[in-house]
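Participant: To start, I am sharing the structure in question, which I have written as structure tokens.
The values are calculated or read from the model by the stated rules, or taken from the named source; none is laboratory data. Treat the numbers as computed from the prediction; the structure is a model and nothing was measured. Positions of Cβ are generated from backbone atoms using ideal geometry, with glycine treated the same way; all protein chains shown enter the neighbour counts. When the accessible area is computed, the model is the full protein with side chains, heavy atoms only, and any ligands, DNA or RNA have been set aside. Shrake-Rupley method; radii C 1.70, N 1.55, O 1.52, S 1.80 Å.
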There are 2 protein chains.
Amino acid sequence: MAEPGLTRRRLLGGGAVAAGAAGLTWGTEHFARSGREPDPAAATEPFHGRHQSGVATAPQRHVTYLGFDLKPGVARADIIGLLQIWSGDAARLTQGEPGLADSEPELTVRPARLTVTIGFGPRLFTVAGVEAARPGWLRPLPAFTIDRLDPAYCDGDLLLQICADEATTVAHAVRALSRTVTSLVSVRWVQRGFRDAAPGQSMRNLFGQVDGTVNPAAGTTDFDRLIWHDGGGLPWLAGGTSLVLRRIAMNLDAWDDLDTGGRELSVGRRVATGAPLTGARESDDPDFTAVDQFGIPVIPPSSHIARAHHTGDTDRFLRRGYNYDESPAPGAVSNSGLLFAAYQADIESQYLPVQRRLAEFDALNTWTTPVGSAVFVLPPGITDPGGYIGQSLLES
Amino acid sequence: MAEPGLTRRRLLGGGAVAAGAAGLTWGTEHFARSGREPDPAAATEPFHGRHQSGVATAPQRHVTYLGFDLKPGVARADIIGLLQIWSGDAARLTQGEPGLADSEPELTVRPARLTVTIGFGPRLFTVAGVEAARPGWLRPLPAFTIDRLDPAYCDGDLLLQICADEATTVAHAVRALSRTVTSLVSVRWVQRGFRDAAPGQSMRNLFGQVDGTVNPAAGTTDFDRLIWHDGGGLPWLAGGTSLVLRRIAMNLDAWDDLDTGGRELSVGRRVATGAPLTGARESDDPDFTAVDQFGIPVIPPSSHIARAHHTGDTDRFLRRGYNYDESPAPGAVSNSGLLFAAYQADIESQYLPVQRRLAEFDALNTWTTPVGSAVFVLPPGITDPGGYIGQSLLES
């Protein structure tokens, strides 16, 4: 069980110095045999609430995304049963308690800010007989000429996004949530990622770039408007959102041939700081109108940030991606890339305009290739401990 | 560049409170925008020294082991060149500096206690023409009836063991060290692992057990005697050691059918605390002579710790393993296990007696299967910044 009251709020508040000292035990187990300090791995994120955790949550260090297929013969009642199991176990695991049929309860005592986020793919609505409640934008993205999609990383009827600051916690939660539902679903794909960031900076991807700078800030009116569905036309979805998960292979061999200047012109930001070429700090707004003494734009119009930048107040979303690094193919050095994860209230009006611009042209496309693509709606959170994620859809 | 002087010694000493507070920024990047605190990821481990780092080093959270094959036509001079490249780049990367031809220097500023440890497989001695200097025990382990070895995880001419507390650091070091030597070696296998531990406990494996309790403590006479080769008969190896890397698949589905009592009798320890069945704390010595009121041994003679326990003062070694968790095969729930890593001065007299006992009988064998096996000699460290790992062998 988690130490009662050792919430992240407390870690970040009055208990910071004591808990901070315990931070030194990260990875220094040989030097921390006294076992008397509170442990930052006891920190928890809420499961119950108006929204599911794992979206506005400060990104944890590790993720596993699992795509599942509903097995033949599964009906609406089975889906409800599965979501009840998942919701109950997610509520327990995220608070540092064993799942209902948990066989390794000792692996649950370090929640390490575990979040479990549940999503639905398009076909779930058909199987559950709730087609009329399916958002119009919940369908595979249109084909883009830049795509080289591998079906092994595409689509799926159900999603689990499992994040925590410790890889052991993620591994156990993945297993605990997968093994209880094998009669109803099969694993379609598993994608694992990691992210690390310097204090005051966004994470770095494996090109070395800071990644995810232009994000609405959690807790602001902008964030609430852009990320959480307001229920318009789909009352069941109020407080929910959507996820576009793109697996983007990064050609590090070719990228390595590009010098720093070339990289910065391709991205539109300084590599060292993440600042736009017209600014000094990562958080500075890029000035796309700035020109040099020859009248040439300082940030090339073909650069990634120029193409990706929102053109209005709607084509914006939350980026919360992770790096991946898998075993290379024979003869290759790397098999690396980004699990690009975009969250928005409406995929059609917010995500697709940006994706279309980038597919049409983005200097970075030379070195990146989308190899996987999946879309999910993420139902709202639940506040009733007896409820389950998806209840507003399946009992509406 | 690493912040000068922010060594682990300082983190663990006088600077603990300030650095500890920064420990809270792990995974809480959204809440740490000020960027003013020192960052625990700046902590470094030495590269130069009498021994290679990564053995006595307090285990970091992440590892990638890479096995390489020497390409046809490679000769001793090429091997020396490769080891010079690796030694130079390892010295830089571990201190938070870019490798010589590093294309992503910005990924080197968070060394996060990075260590790079270099090992030689049996065939390297043949290719380099130094057969006479090969330790007699440097050969594939004898076949055990419990083994179900997959050649994809066996053997290799060269080893890199790359450990750090951040996965991004490991990923970059793997690439930086692999890409510069593609003309000389090809990647034979890549094995990734992770470990997390509560303060005052050893890591837990994915069976939920604490793992690696019975270890000689770094810095003791026992450790020095058991782990570091004294150069007897092989002067070039003084201060070096060896690694047996076994990939051990763990059948979590079958393990989940076993109750807590059954697990504790199989292992000989309490699951919750890691204490032997005859003790109260993980660090307590097991009492194999203790019997219950019926005269039955409290720790079953068939249990893992009874079988694995050293019978004398020589069959001991250092365990420094990592968990692995990969994508499951179609229809399966998990593909998990342990990267069992044993370090000892002499494989024949220290490791093999234990391995033979366990292969003959170990209650845990019901749930575990060795699927990979590789042995390497780890040359001594170097103190000369102009030297290279393996110099005492290749220039002797």
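Participant: Over chain B, what per residue volume does the convex hull of the Cα atoms give, in whole Å³? Could the numbers behind the result be given before it?
Facilitator: Values: hull volume 64.5 nm³, N = 396.
Residue-normalised Cα hull volume stands at 163 Å³.
Participant: Provide the per-residue ³J(HN,Hα) series for the range A:228-239, in order, calculated from phi with Karplus coefficients 6.51, -1.76, 1.60 and θ = phi - 60°, each as a whole number of Hz, with x at glycine and proline positions.
Facilitator: 8, 5, 8, x, x, x, 9, x, 5, 8, 4, x
Participant: I would also like to ask the following. How far, in nm, would the chain grow between A:N335 and A:A132 when pulled straight, counting 0.36 nm per residue and subtracting the alpha carbon separation? Kindly include the intermediate steps, with their values, before the conclusion.
Facilitator: Numbers: separation 203, 0.36 × 203 = 73.08 nm, distance 4.09 nm.
Length gained between A:N335 and A:A132: 69.0 nm.
Participant: Moving on. Evaluated at 10 °C with a viscosity of 1.306 mPa s, what Stokes-Einstein diffusion coefficient in µm²/s does the range B:169-302 have when Rh comes from the Kirkwood expression over alpha-carbon pairs? Please report the intermediate quantities before stating the final value.
Facilitator: Values: Rh = 18.9 Å.
The calculation lands on 84 µm²/s.
Participant: What is the gain in length, in nm to one decimal, between B:F144 and B:R50 on full extension, counting 0.36 nm per residue of separation less the C-alpha to C-alpha distance? Walk me through the numbers before you get to the answer.
Facilitator: Numbers: separation 94, 0.36 × 94 = 33.84 nm, distance 3.49 nm.
Extra length available between B:F144 and B:R50 comes to 30.4 nm.
Participant: Below 15 angstrom from the Cβ of B:E131, what's the summed charge of the other residues (Lys, Arg +1; Asp, Glu -1)?
Facilitator: Numbers: positive: B:R76, B:R123, B:R134, B:R139; negative: B:D157.
Overall, the nearby charge balance is +3.
Participant: May I ask you to report, in nm to one decimal and beginning with the shortest, the distances from B:E326 to the same position in the other copies, taking label points 7 Å along Cα-to-Cβ?
Facilitator: Counterpart label points of B:E326 in the remaining copies fall at 1.2 nm.
Participant: Also, I was wondering about something else. Relative contact order of the range B:67-142: what whole-number percent is it, with Cα pairs under 8 angstrom and at least 6 residues apart? Before the final figure, lay out each step's value.
Facilitator: Details: 48 pairs, mean separation 19.6, N = 76.
Relative contact order, the range B:67-142: 26 percent.
Participant: About its Cα centre, how strong a charge dipole does chain A have in debye, to the nearest 20, once Lys and Arg get +1 and Asp and Glu get -1 at the Cβ? Write down the numbers at each step before the final one.
Facilitator: Numbers: 35 positive and 44 negative charges, 86 e Å.
Magnitude of the dipole: close to 420 debye.
Participant: Using amide H atoms built 1.01 Å from N in the peptide plane, name the residues 5+ places from B:M203, or on other chains, whose amide H lies under 5 Å from its own.
Facilitator: Distant-sequence amide H within range of B:M203: B:D211.
Participant: Find how much the distance from B:D230 to B:T314 grows on full extension, using 0.36 nm per residue of separation minus their present alpha carbon separation; answer in nm with one decimal. Each step should come with its number before you reach the end.
Facilitator: Numbers: separation 84, 0.36 × 84 = 30.24 nm, distance 1.42 nm.
Gain on stretching B:D230 to B:T314: 28.8 nm.
Participant: When the helix-only estimate is applied to chain B (DSSP H runs of n ≥ 4, each -39,500 (n - 2.57), divided by the residue count), what is the mean residue ellipticity at 222 nm, nearest 500 deg cm²/dmol? Spell out each step's value before the answer.
Facilitator: Values: 11 runs with 88 residues, N = 396.
After summing the helix terms and dividing by residue count, I get -6000 deg cm²/dmol.
Participant: Same structure again: Got the relative contact order for chain B handy, in percent, Cα pairs under 8 Å and 6 or more residues apart? Write down the numbers at each step before the final one.
Facilitator: Values: 806 pairs, mean separation 91.0, N = 396.
Here the relative contact order equals 23 percent.
Participant: Give the carbon-plus-sulfur fraction of the accessible surface of the range B:356-396 in %, rounded to a whole number; probe 1.4 Å, heavy atoms of protein chains only.
Facilitator: 52
Participant: With point charges of +1 on the Cβ of Lys and Arg and -1 on the Cβ of Asp and Glu, referenced to the Cα centre of chain A, which listed residue (A:G232, A:N251, A:S103) lies farthest in the positive direction of the dipole?
Facilitator: The residue sitting most towards the positive pole is A:S103.
Participant: So, in Å, what gap is there between the alpha-carbon centers of the range A:160-204 and the range B:313-362?
Facilitator: Centre-to-centre distance over Cα atoms comes out at 25 Å.
Participant: PRE reach from B:A75 (point 7 Å along Cα→Cβ): which of the range B:164-200 fall under 20 Å by backbone N?
Facilitator: B:182-186
Participant: Give me the distance in nm between label points sitting 7 Å out from Cα along the Cα-to-Cβ direction at A:T369 and B:E395, one decimal.
Facilitator: 4.4
Participant: Where the label is 7 Å out from Cα toward Cβ, how close does A:R148 come to the same position in every other copy, in nm, shortest first?
Facilitator: Inter-copy label distances (nm, one decimal, shortest first): 3.5.
Participant: Output, in nm with one decimal and in ascending order, the distances from the A:D285 label point to the matching label points of the other copies (7 Å from Cα along Cα-to-Cβ).
Facilitator: Result for A:D285, in nm, nearest copy first: 7.1.
Participant: Summing +1 for each Lys or Arg and -1 for each Asp or Glu, what net charge is found among the other residues whose Cβ lies under 13 Å from the Cβ of A:F120?
Facilitator: Values: positive: A:R76, A:R123, A:R134, A:R139; negative: A:D69, A:E131, A:D155, A:D157.
Around A:F120, the charge tally is 0.
Participant: Solvent-accessible area per residue for chain A at a 1.4 Å probe radius, Å²?
Facilitator: Values: 14560 Å² over 396 residues.
Accessible surface, normalised per residue, equals 37 Å².
Participant: Probe radius 1.4 Å, ligands and nucleic acids left out: can you give me the accessible area buried at the A-B interface, summed over both chains, in Å² to the nearest hundred? Present the calculation step by step, with values, prior to reporting the outcome.
Facilitator: Values: alone 17730 and 17730 Å², together 29140 Å².
Heavy-atom accessible area buried at this interface is about 6300 Å².
Participant: In whole Å, how far is the Cα centre of the range A:70-123 from that of the range A:221-297?
Facilitator: Answer, in whole Å: 33.
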